[in-house]
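Working notes, structure below.
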Amino acid sequence: MKKLIYFYCSPKLRGFDETEFNFSSKYKVHFDEDTKTLTVAKDSKNYVDNFFGKNIELNAIVGNNGTGKSTLLKRIFTICHSEIKNIEAEEIILGFELTEFSHPFFIYFDIEKRDCKWTEIIYKDNKLCVQRRLEDFDKDVLNEEDHKKQFNVHHCQYITEVLDFEMYDNTNYPTMGMMRSDLSEYPYDNTKMMSFFSYQLKQQSFFLSNSAEKIKLPFTYPEKLEIFSSYIPYKVCMTLQNSENGEEDYAPPIDYLLLEIIKKLRNTSEDNFFVLYHPPKKFENSILELLLVLFLMSVSEKEKKEILKYMDLDTFTRLKSTDGKINDIFLFMEGKKSVNVAPYKEFLKFFCDTERKIVINEEKRCLEVPLGSIEGFLNTYPHIAGEKQFLHFSWGLSSGETAMLDLYSKFYKIHKVIEDSERRDILLLIDEADAYFHPQWQKNYVKDTLDVAKQIFEGFGVQIILATHSPIMLSDIPKQNVLYLKKEENAGTKVVPREERLETFGANIFSLFKDTFFLEGSGIGSFAEENLEELLKRIHDLKEINEEEIEYIKKRIMMIGDPFIRQKFENEFYICIEKKDSQRSLDEKIRFFEKEIESLKKQKERDKNDKD
């Protein structure tokens with residue numbers, strides 16, 4: 001197995017003060033830029049080989065927001081995939097360990113000179129630190145093809161759980177999360193998003209259809225895809241609604257025609273626009289009407305008028321079923337140069353073909369498509385939806401299960417692409433690994449991901465480097481496998497030495513959160529912190545003691561979730577109360593004795609007068 005243990009890049013990555021990154025504390029690697037000397041010290045006292053299992057390794061990159069975790073992962077991905085002429089750097093060093101030989105080797109690239117050198121580090125005579133000058137590296141005179149092979153030292157894939165068009169191409173596997181019918185409000189390339197989303201569903205379907213008997217998942221395999229209607233595409237709804245309100249500037253004539261055609265289809269003369277918001281009694285018909293609306297949006301005003309006229313003919317009105325009427329409209333429009341009717345007809349055929357085994361669930365108002373038919377459905381749907389997603393999809397899983405399914409589907413797709421390759425090492429770079437996951441799923445993430453990765457990539461060596469914000473996930477990873485990033489004030493990002501951090505594996509999650517993610521202050525929310533400071537001041541500033549004030553302060557103290565902090569506040573409160581009571585008692589005694597003294601003085605004066 002080949003593991004990435006070191007990465008050097010000059011000039012520095014954007015936002016970093018560092019040029020080098022160590023991914024394994026088994027070796028401490030440093031490249032001196034002035035002397036061009038590589039120092040490799042072996043220190044395995046805290047390192048456990050095969051900790052995560054044979055032929056699998058896991059590393060994490062952590063740090064607060066803006067430290068450059070994604071930047072680092074993307075640069076590693078780019079270097080592993082690009083030809084030397086396309087790399088935005090001057091010098092690069094990649095360090096690897098071959099576990100079967102248990103020693104590291106390093107590849108040096110001079111981008112400008114198109115020069116490649118490499119060196120192998122072998123420790124002899126109990127010498128655990130080796131220095132190697134760059135001029136002593138073995139030099140390979142490589143042609144362009146060989147350079148490319150040197151860069152492609154792994155099957156390297158970048159996976160992210162957030163929308164990232166920067167990294168979207170055919171060589172990596174990002175996702176965009178679930179989209180909904182308000183897609184048109186987003187300022188992205190919606191056609192690309194639709195293609196992206198459809199590909200994601202196909203990938204999940206492919207995985208589920210082919211892995212059920214081979215791979216054990218931490219949740220029950222879904223047997224069907226549920227498809228729900230988003231009703232009328234958002235822009236059409238808004239345009240028609242504005243037309244009903246008399247805002248004609250927003251309502252071109254073709255939208256009136258859309259409304260008239262839908263009325264004809266339903267054999268109704270109802271003038272209220274909102275008939276479009278309320279689907280007919282049969283869910284099946286609502287899907288078919290949406291199909292027709294999307295089709296009508298793609299034809300000209302003239303052709304809409306022709307369709308409206310055609311719908312008055314006996315040949316149309318004699319048809320009773322909604323699908324028959326819509327198919328008749330498609331046949332009427334077939335051959336028109338301005339619109340491609342074929343994908344709409346194909347979708348209608350697929351939808352109405354009972355052999356496809358699509359179940360129409362009127363109670364849940366959804367379609368249920370079995371696994372074997374999903375690919376055919378998804379091949380047809382994007383061609384008619386374009387940038388308007390009028391359906392949305394569910395496997396019947398929780399959001400955490402769906403996110404895990406998406407990750408495993410990517411793993412499976414990667415495996416299918418490379419399963420016949422001679423190279424048997426895979427580097428998986430997972431960005432924003434904790435995105436969308438409930439804490440319980442974060443708790444299971446590392447174990448479940450390792451279990452499924454071992455099954456899918458059997459026979460391969462797999463190294464996973466994940467970027468995360470989750471202290472829950474970090475508690476499953478030893479400190480020596482964690483790269484800590486910290487952004488300095490008025491400076492760039494630095495790598496925090498591992499010896500300065502607390503242990504992570506099996507550690508207290510609150511301690512991890514404070515240590516790893518560099519929280520300042522108390523470790524509680526800023527609003528809560530400010531609120532407690534104000535409460536403490538209020539307790540100390542008590543001037544008068546009355547039942548209303550005591551009750552108010554008690555309620556606020558009881559709201560504190562941490563029992564230790566709550567007890568501290570209770571103690572402080574009662575100490576202050578006792579002090580106030582004590583002070584009040586002393587004041588009353590003073591007033592009493594002052595009265596006594598005054599009375600005695602008067603008595604003395606009376607006695608004196610009596611003697612006189």
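Some points to look at:
- Selection from region 124-136 of residues that are modelled with pLDDT of 85 or more and not in a strand (DSSP E or B): 128, 134, 135, 136
- Among the candidates 114, 14, residue that is in contact (Cβ under 8 Å) with a residue 24 or more places away in the chain and over 33 Å from the mean Cα position of the chain (by Cα): 114
- Count of region 37-60 residues, restricted to those that are touching a helix residue (DSSP H, G or I) at 6+ places or on another chain (Cβ under 7 Å) and either under 18 Å from residue 426 (Cα atoms) or of a type in the set (Lys, Arg) (or both), is 6.
- Pick from region 23-40, criterion open to solvent by 30 Å² or more (accessible area, probe 1.4 Å) and under 21 Å from residue 481 (Cβ atoms), ranking: nearest to the chain's Cα centre (by Cα): 25
- Of residues in region 540-557 being at pLDDT below 85 and open to solvent by 100 Å² or more (accessible area, probe 1.4 Å), the one nearest to the chain's Cα centre (by Cα): 548
- Residues (in a helix (DSSP H, G or I) and open to solvent by less than 10 Å² (accessible area, probe 1.4 Å)) located in region 432-445: 445
- Any hit, region 360-367, residues being in contact with a Cys (Cβ under 9 Å, 6 or more places away or on another chain), β-branched (Val, Ile, Thr) and either assigned to a helix (DSSP H, G or I) or over 25 Å from residue 211 (Cβ atoms) (or both): yes
- Any hit, region 105-119, residues being open to solvent by less than 70 Å² (accessible area, probe 1.4 Å), outside any loop (DSSP other than H, G, I, E, B) and basic (Lys, Arg): yes
- Residue 96 vs. criteria in contact (Cβ under 8 Å) with a residue 60 or more places away in the chain and either of a type in the set (D, E, K, R) or farther than 22 Å from residue 468 by Cβ (or both): yes
- The set of residues from region 558-579 being assigned to a helix (DSSP H, G or I) and either among the aliphatic types (A, V, I, L, M) or open to solvent by less than 80 Å² (accessible area, probe 1.4 Å) (or both) comprises 558, 565, 566, 569, 570, 571, 572, 573, 575, 576, 577.
- Residues in region 203-221 that are within 27 Å of residue 362 (Cβ to Cβ) and open to solvent by 10 Å² or more (accessible area, probe 1.4 Å) were compared, and the one that is modelled with the lowest pLDDT is 209.
- Options 58, 72, 4, 38; residue that is in a strand (DSSP E or B), over 17 Å from residue 109 (Cβ atoms) and not acidic (Asp, Glu): 58
- Which numbered condition residue 453 fails, given (1) open to solvent by less than 10 Å² (accessible area, probe 1.4 Å); (2) over 12 Å from residue 56 (Cβ atoms): (2)
- Residues satisfying the stated conditions in region 388-431, i.e. charged (D, E, K, R), within 22 Å of the chain's Cα centre (by Cα) and surrounded by 20 or more Cβ atoms within 10 Å (Cβ to Cβ): 406, 410, 431
- Contacts under 7 angstrom Cβ, first residue in region 273-295 being more than 16 Å from residue 391 (Cα to Cα) and among the small types (Gly, Ala, Ser), partner open to solvent by 10 Å² or more (accessible area, probe 1.4 Å) and at pLDDT 50 or above, 6 or more apart: none
- Residue that is most open to solvent (accessible area, probe 1.4 Å) [pool: residues in region 302-333 that are outside any loop (DSSP other than H, G, I, E, B) and among the aliphatic types (A, V, I, L, M)]: 331
- Flag for residue 409 being in contact with a Phe, Trp or Tyr (Cβ under 7 Å, 6 or more places away or on another chain), polar (S, T, N, Q) and either within 26 Å of residue 78 (Cα to Cα) or in a loop (DSSP other than H, G, I, E, B) (or both): yes
- Region 351-371 residues that are more than 18 Å from residue 205 (Cβ to Cβ), paired with ones that are open to solvent by less than 50 Å² (accessible area, probe 1.4 Å) and among the small types (Gly, Ala, Ser) (beta carbon under 9 Å, 6 or more apart): 365/229; 365/286
- Every condition in (1) aliphatic (A, V, I, L, M); (2) surrounded by 12 or more Cβ atoms within 10 Å (Cβ to Cβ); (3) at pLDDT below 85; (4) assigned to a loop (DSSP other than H, G, I, E, B) is met by residue 491 except one, and the failing one is (2).
- Tally, over region 64-74, of residues that are touching a Phe, Trp or Tyr at 6+ places or on another chain (Cβ under 8 Å) and modelled with pLDDT of 85 or more: 5
- For residue 96, the conditions (1) aromatic (Phe, Trp, Tyr); (2) open to solvent by 30 Å² or more (accessible area, probe 1.4 Å); (3) in contact with a Lys or Arg (Cβ under 6 Å, 6 or more places away or on another chain) all hold with the exception of (2).
- The condition (being outside any helix (DSSP H, G or I), at positive phi and at pLDDT 90 or above) is satisfied by just one residue among 506, 459: 459.
The values are calculated or read from the model by the stated rules, or taken from the named source; none is laboratory data. Source: prediction; values computed, not measured. Note that each Cβ is placed from the backbone with ideal geometry, even for glycine, and that neighbours are counted across all protein chains shown. Just so you know, the surface numbers come from the protein's heavy atoms only, side chains and all, with ligands and any DNA or RNA stripped out. Shrake-Rupley method; radii C 1.70, N 1.55, O 1.52, S 1.80 Å.
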